[in-house]
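Trainee: Input: one structure, supplied below.
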Amino acid sequence: VVAAACAGESSPAAADGAPDAGVAFDDAGLATGAEQVVAYKMKATLDPVAHTVHGEGTISFTNKTAYTVNDLWLHLYLNAFKNQKSVFVREPVGGFRGSINPRDWGSIDLRKLRLTGADEADLLEKTEIKHGADEDETDAHVPLPKPLQPGETIQLEMVWDDKLPSVVERTGYEGSFHFVGQWFPKLARLDPDGRWAHFPFHHLAEFYSDFGSYDVTIDVPAAYTIGATGPATESKVENGRRVERHVQENIHDFAWTAFDKWQRLEEKIDGVDVTVLYPPGYGDAARRELATVRFAIPYYGKRYGKYPYPVLTVVHPPERAREAGGMEYPTLITTGGPWYGPPGVLAIELVTIHELGHQWFYGMLASNEEKWPFLDEGLNSFAEQEALGRWRGPGSLVDFLGLTVSDATGQAVSSFRAAHNEPVAQPAYAFETGNDYGRLVYGRTCTILETLRRVYGDDAMGKAMGTYTRRFRFKHPTPTDFLGVMGEVLGPHAESMLRVALFEKGWVDYAVASVTSRKAREPAGIFDRDGKRETVTEGKERGGYEGDVLVQRRGTLSFPVDIELTLSDGSTRRVRWDGEGESVRVPYAGPLALRGAVVDPDHTVLLDERPSNNQGLAPEATARATRTLERITYFSQVLLQAVAP
Amino acid sequence: VNDIVAVPEVDASPRHAKDRLLLMSTDAMRARRRPLMLLFTWMWHAVAALAIAWPIASFVRDTWGHHPRGDVLLFEPGGLALSDIAMRPEGHAGLLSHATVVLVACAVLGLLPLGALITALGHARPDRGAPPLRACFERAAESFGAFARLLVIMGLVQVVVVVLGSIAAAMVSASLEHRMDDAAADLVGWFVFLVFLLLASFVGVVHDVARCAAIRYRSGALAALRTALRAVRPSPVGVTWSWLWRTLAGLVVIGAAAFVVHRVGVRDDMHLAAVAGLHQVAMLFQTALRASWLARAFRLVDATNA
């Protein structure tokens, strides 16, 4: 009722169906695969009563760098939930997502770690899981008995046991629902400089790994349905157990789920077998998710390069396991939200398209998320809002009875609150609060890039982003790579602004400082004419009006903007300002009085941190909020009828 | 007005004879016979709402109202200005506290026009015309203490019922989560809450009937409450339905108004005036429905011995 009382007017209709992506690429030479550095072959056996996974398998690792390697680093991420001495629990950052202490703790215990082949050796004994006084057990150091030369391959044989935590930070169990992520001993990535990019499981950080192949056999009770990374190449039920083998190349992680209540929707979309797994009662949400994927796979494919995998699995966890939702793994994403999500609030679509977008940024680009989280979450948030805006119009976040709020607006307004706190481009663990992390990495990056899109145009920005995602597909790009492509396509000014905005807390505020308008007159004063002194107290009217508009720019960023002058009859005329310098004075002369002026009337500079000062009136004009008065009065009447009839 | 039968004179000492209030026959107590009182009640709500809205609109005028087209940006698709003004905390605390204070003050002061409306619904002048406003307010003032006590008592009961309903619904949902799927567990929980909500609504219905009893019999809060319970006891469902269908009709009217505004839009000042007019028609209709229910409640207590 309140919303109905507040509701406004019609908004432009949302785009119908999958629209054109705006920019075309020749994808004939698009990379179809990554350099295969690792090969995992594993078997996982789930005990859904004890909530344990017994794992066995091998990792093949090839040293693709030019440097000799003397050791390995293995991530044992599940130990983040082992006790309160893990880095994950110790880090005093709240305010972003997830709980910190699970209701039921989890762990991963390495039972066997052997080097196989000619140099066979037991590696477990010398493996250092803890480091000095630090009792975190998520980042294990494994000295090698013999240096690994460039180009050489080794194979590790492993046995391990997982105790899954109650659902926490994207993994765990809730009743018979199991989501199994970060569950196996996982090699850190060996960067091209020969150094291991290894790190403990931070509360805010995500992951970074080498590409390779995963061949995983999952063994669960027969009553359970499995969803997993990659296509199922074998599937059988025997002795009361369901066994599925999933194989996928060109990926860098593997996750799976098992639940005895999964229901499913299936559809082939743009050549991809899409499966939505959802609990009973969530059919509407699942259909909305499928509709989102139906739009997004071809759209993202055109914009950022074709989706290269044969399958995509969308997992909607039950509401009581909601912490497992909103996460990405190769070819598998988790969404979330209650089963009754109102259609006017596009939370389900937003989460789905966001997690799907990660397939391109986290999945195929695979930048170091611990060190540069904005390269994944930030760029993906931009892609998400751009796609949602293209699909659903100005109501891409909320669209209810004429009240529309776009995802871009949500990201911008959220990010304003942290714009001056910390730089965007910094490691995940360096953020002082989870709120800053969320608002800056997601919201601020999105707002910066959306500003570039609006200022330089959708074609140029589409070309820049598409060039970046294609050129660095499967190549682990860094911020330098990203800025380089932006500069190459959008120009050095855009690159410079991007660098300042990302690394130096760049900001901008345009404001209309003053508007003057008066009747045009001959000059007054004392004049010496024809040998005589003449005093003119008030100049003769010349007809028409004159005045000026003073526009100021504050902050360290600058973008070209329009300045719109509005005349007394409501007509407008626009003047372009390059945005350089701290201010500009726009002169006016014309037959009508100047009523007011607006800088950046189309809101191209979404980064403008105080858009409410972008307009000004001439002294004769009066500020008005009649429509607000009418709407709030009506709302108050409805409220009074309800509470004080 | 021939069917208005003045029965026992209940107002013995008015200042002017023409202002004396006579009780109407039960069947003659109808909201449609008091159009001016309905207008007055609607105006009271409009003025009170304006008192709440004015500072908020002034705040908007001072922040976003300097656009050459006024506060148009707040209603633009995409919601940038609307979100900006909602998310910036400057000035919000003051506006919120003002709105709360005015709302509470209106809730208390509103007992007077409410009492006057109830009086007008059940009474007439000796010449069988509508009772004068001043006399209605004098009667309302006499019952103000009873109305205030009823407001506190019944308001608290309603809050307790709703809170208990929320807790019960959450507990029921949680206890069923592992035995049935989320949707079914939620639906059962919502049903539990709906039962409590209906119970709270029933408390509100009794509250209104008690208000009518306080006017009708000039009784205190507790006596009026006892009369109301006696009046409702024979047919609690029927009485609640009398209130409910009018409330639902009011909601339909608000929804319809919102839909029409949504379709028509507000492109200029003419449209804005039309929208304002439509909204006020909707509120007038709401007021009429409310008065219709109060007349029904008055008839109910009139037929019940105090």
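The values are calculated or read from the model by the stated rules, or taken from the named source; none is laboratory data. The shown structure was predicted, so the numbers you read here are calculated from the model rather than taken from an experiment. Neighbour counts are summed over all protein chains in view; Cβ atoms, including those assigned to glycine, are modelled from backbone coordinates with ideal geometry.
Trainee: In the range A:364-407, how many residues are under 13 Å from the mean Cα position of the chain (by Cα) and not aromatic (F, W, Y)?
Mentor: The qualifying residues number 16.
Trainee: In the range A:530-545, which residues are of a type in the set (V, I, T) and surrounded by 10 or more Cβ atoms within 10 Å (Cβ to Cβ)?
Mentor: Across the range A:530-545, the qualifying residue is only A:V536.
Trainee: A further question on this structure: Which of the residues spanning the range A:218-234 are assigned to a strand (DSSP E or B), within 18 Å of A:Q263 (Cα to Cα) and not β-branched (V, I, T)?
Mentor: Within the range A:218-234, A:P221, A:G227, A:A228, A:A232 meet the criteria.
Trainee: Then there is this: If the requirement is being crowded, with 20+ Cβ neighbours inside 10 Å and at pLDDT 95 or above, which of these qualifies: B:A224, B:A249, B:A185?
Mentor: B:A224
Trainee: May I pose another question? Name the pairs: first residue in the range A:332-355 and in contact (Cβ under 8 Å) with a residue 24 or more places away in the chain, second residue in a helix (DSSP H, G or I) and among the basic types (K, R), Cβ to Cβ under 6 Å, at least 6 apart or on different chains?
Mentor: A:I348/A:R288
Trainee: Right, another one. Can you tell me which residue within the range A:585-603, out of those that are part of a strand (DSSP E or B) and within 12 Å of chain B (Cβ to nearest Cβ), is surrounded by the most Cβ atoms within 10 Å (Cβ to Cβ)?
Mentor: The residue in question is A:A597.
Trainee: Pairs, please: C-beta under 7 Å, at least 6 apart or cross-chain, first residue more than 7 Å from chain A (Cβ to nearest Cβ) and without any contact (Cβ under 8 Å) to a residue 60 or more places away in the chain and in the range B:67-80, second in a loop (DSSP other than H, G, I, E, B) and of a type outside the set (A, V, I, L, M, F, W, C)?
Mentor: B:L73/B:H67
Trainee: Taking the range A:269-285 as the region of interest, how many residues are within 16 Å of A:E328 (Cβ to Cβ) and crowded, with 22+ Cβ neighbours inside 10 Å?
Mentor: Of the residues in the range A:269-285, 2 are within 16 Å of A:E328 (Cβ to Cβ) and crowded, with 22+ Cβ neighbours inside 10 Å.
Trainee: If I filter the range A:145-155 down to residues being over 36 Å from the mean Cα position of the chain (by Cα), surrounded by fewer than 18 Cβ atoms within 10 Å (Cβ to Cβ) and not polar (S, T, N, Q), which single residue comes out as nearest to A:K41 (Cα to Cα)?
Mentor: The selected residue is A:E152.
Trainee: Continuing with the same structure: Tell me whether the range B:256-263 contains one or more residues that are assigned to a helix (DSSP H, G or I), within 14 Å of chain A (Cβ to nearest Cβ), β-branched (V, I, T) and in contact with a Leu (Cβ under 8 Å, 6 or more places away or on another chain).
Mentor: Within the range B:256-263 (the criterion being assigned to a helix (DSSP H, G or I), within 14 Å of chain A (Cβ to nearest Cβ), β-branched (V, I, T) and in contact with a Leu (Cβ under 8 Å, 6 or more places away or on another chain)), the answer is yes, since at least one residue qualifies.
Trainee: Identify, from the list A:L629, A:L606, A:L639, A:L617, the residue that is under 19 Å from A:A513 (Cβ atoms) and either among the hydroxyl-bearing types (S, T, Y) or at the interface with chain B (Cβ under 9 Å from one of its Cβ atoms) (or both).
Mentor: Selected residue: A:L617, the only one of A:L629, A:L606, A:L639, A:L617 that is under 19 Å from A:A513 (Cβ atoms) and either among the hydroxyl-bearing types (S, T, Y) or at the interface with chain B (Cβ under 9 Å from one of its Cβ atoms) (or both).
Trainee: Can you give me the number of residues within the range B:49-108 that are in contact with an Asp or Glu (Cβ under 8 Å, 6 or more places away or on another chain) and surrounded by fewer than 15 Cβ atoms within 10 Å (Cβ to Cβ)?
Mentor: Residues that pass the stated criteria total 0.
Trainee: Kindly evaluate B:V275 against the criterion of being at the interface with another protein chain (Cβ under 10 Å from one of its Cβ atoms), over 30 Å from B:S143 (Cα atoms) and touching a residue at least 60 places away in the same chain (Cβ under 8 Å).
Mentor: When the stated conditions are applied, B:V275 does not pass them.
Trainee: Only one of these is in contact (Cβ under 8 Å) with a residue 60 or more places away in the chain and either surrounded by fewer than 23 Cβ atoms within 10 Å (Cβ to Cβ) or of a type in the set (F, W, Y) (or both): A:T225, A:T217. Name it.
Mentor: So the residue among A:T225, A:T217 that is in contact (Cβ under 8 Å) with a residue 60 or more places away in the chain and either surrounded by fewer than 23 Cβ atoms within 10 Å (Cβ to Cβ) or of a type in the set (F, W, Y) (or both) is A:T217.
Trainee: Going by what's in this entry, would A:F527 be described as at pLDDT 95 or above, more than 14 Å from chain B (Cβ to nearest Cβ) and either surrounded by 14 or more Cβ atoms within 10 Å (Cβ to Cβ) or over 59 Å from the mean Cα position of the chain (by Cα) (or both)?
Mentor: No: the conditions fail for A:F527.
Trainee: When only residues in the range A:286-323 that are within 14 Å of chain B (Cβ to nearest Cβ) and at pLDDT below 95 count, which is surrounded by the most Cβ atoms within 10 Å (Cβ to Cβ)?
Mentor: Per the criteria, the residue is A:P318.
Trainee: When the residues of the range A:556-581 are narrowed to those that are of a type in the set (A, V, I, L, M, F, W, C), more than 13 Å from chain B (Cβ to nearest Cβ) and part of a strand (DSSP E or B), which ends up nearest to A:A419 (Cα to Cα)?
Mentor: The extreme case among them is A:V561.
Trainee: Considering only residues that are among the hydroxyl-bearing types (S, T, Y) and within 8 Å of chain A (Cβ to nearest Cβ), which ones fall in the range B:81-117?
Mentor: Result: B:S83, single match.
Trainee: Since A:G337 meets every condition but one in (1) touching a Gly at 6+ places or on another chain (Cβ under 7 Å); (2) within 14 Å of another protein chain (Cβ to nearest Cβ); (3) on the phi > 0 side of the Ramachandran plot, which condition does it not meet?
Mentor: (1)
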